[in-house]
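Notes follow once the structure below has been shown.
The values are calculated or read from the model by the stated rules, or taken from the named source; none is laboratory data. Note that the coordinates shown come from a computational prediction; the quantities given were computed from them, not determined experimentally. Glycine gets a Cβ as well: all are built from the backbone with ideal geometry, and neighbour counts include every protein chain shown. For the accessible areas, the whole protein counts, side chains as well, though only heavy atoms, and no ligand, DNA or RNA atoms are used. Shrake-Rupley method; radii C 1.70, N 1.55, O 1.52, S 1.80 Å.
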Amino acid sequence: EADATTTANIIDITADGLTTGSALNIISDSSSTATRNIVYIKNDHASAVNATVLKVESDADSESQAPVFHVKTAGAGAAVLVESTEDSDDEAPEMHFYRNAGAGTASDDLGVIRFYGQDDGDNKFEYAHIFVDAHAVTDGSEKGRMLLRTRNASSYMNNIQLETSQVVINASNQDINF
């Protein structure tokens with residue numbers, strides 16, 4: 001019985017030979033407009049603070065491959081919601097980007113949020129992104145840098161550059177109106 005098991009994989013799916021399709025495919029074709037969950041995962045014990053509720057891991061180099069996590073919706077509403085029910089004034093939901101590849105070096109890329117859309121030729125085009133790097137990595141003297149970039153044809157423009165000692169507007173020296 002699963003409730004009495006303390007250390008195991010209760011459901012273990014191995015699909016080593018799978019070349020197309022899915023190891024697990026869950027489909028709901030209900031026309032009901034009632035609020036419901038197709039998949040619901042809950043850590044139901046308040047003391048189990050170190051339990052990761054859902055972990056998705058891939059050994060593939062995802063930079064040139066399909067994304068590890070893909071959310072697709074036909075609507076224009078919220079595709080992803082991060083919600084906290086914490087009721088204190090000084091706590092809020094958090095999203096972490098953690099580059100964990102050993103000792104860091106200066107200018108290590110730490111994370112990018114990219115904004116894509118279609119151009120009039122129906123091509124996927126990156127219009128802007130928010131980029132963060134480890135500007136300095138010396139223990140005790142770490143410094144981060146954030147760039148807000150927009151794109152003009154094939155050129156990226158550093159519209160706003162945030163550093164620990166300065167804020168630079170129009171770092172790309174473009175003709176930008178204020």
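Scanning the stretch 119-141 for residues that are more than 19 Å from residue 155 (Cβ to Cβ), among the β-branched types (Val, Ile, Thr) and open to solvent by less than 70 Å² (accessible area, probe 1.4 Å), we see that the one that is nearest to the chain's Cα centre (by Cα) is 132.
When residue 152 is tested against the conditions (1) in contact with a strand residue (DSSP E or B) (Cβ under 7 Å, 6 or more places away or on another chain); (2) open to solvent by 80 Å² or more (accessible area, probe 1.4 Å); (3) touching a residue at least 12 places away in the same chain (Cβ under 8 Å), the lone failure is (1).
Out of 95, 146, I need the residue that is at pLDDT 95 or above and within 22 Å of residue 82 (Cβ to Cβ). Which one? Can you show your working first?
Working: 95 fails: at pLDDT 95 or above.
Going through 95, 146 in turn, the sole match is 146.
Looking across the stretch 81-92, the residues that are under 28 Å from residue 116 (Cβ atoms) and open to solvent by 80 Å² or more (accessible area, probe 1.4 Å) come down to 81, 83.
Of the residues 78, 34, 48, 15, only one is part of a loop (DSSP other than H, G, I, E, B), open to solvent by less than 100 Å² (accessible area, probe 1.4 Å), free of Cβ contacts under 8 Å to residues at least 12 places away in the same chain and closer than 28 Å to residue 114 by Cα; which? After ruling out the rest, the residue left standing is 78.
If you check 28, 58 for being in a loop (DSSP other than H, G, I, E, B), open to solvent by less than 80 Å² (accessible area, probe 1.4 Å), of a type outside the set (Asp, Glu) and within 30 Å of residue 142 (Cβ to Cβ), only one passes: 58.
Check the stretch 159-176 and report whether any residue there is under 29 Å from residue 67 (Cβ atoms), loosely packed, with under 14 Cβ neighbours inside 10 Å and among the small types (Gly, Ala, Ser). The answer is no; no qualifying residue exists. On the basis of being open to solvent by 100 Å² or more (accessible area, probe 1.4 Å), of a type in the set (Lys, Arg) and not in a loop (DSSP other than H, G, I, E, B), does residue 99 make the cut? No: the conditions fail for residue 99.
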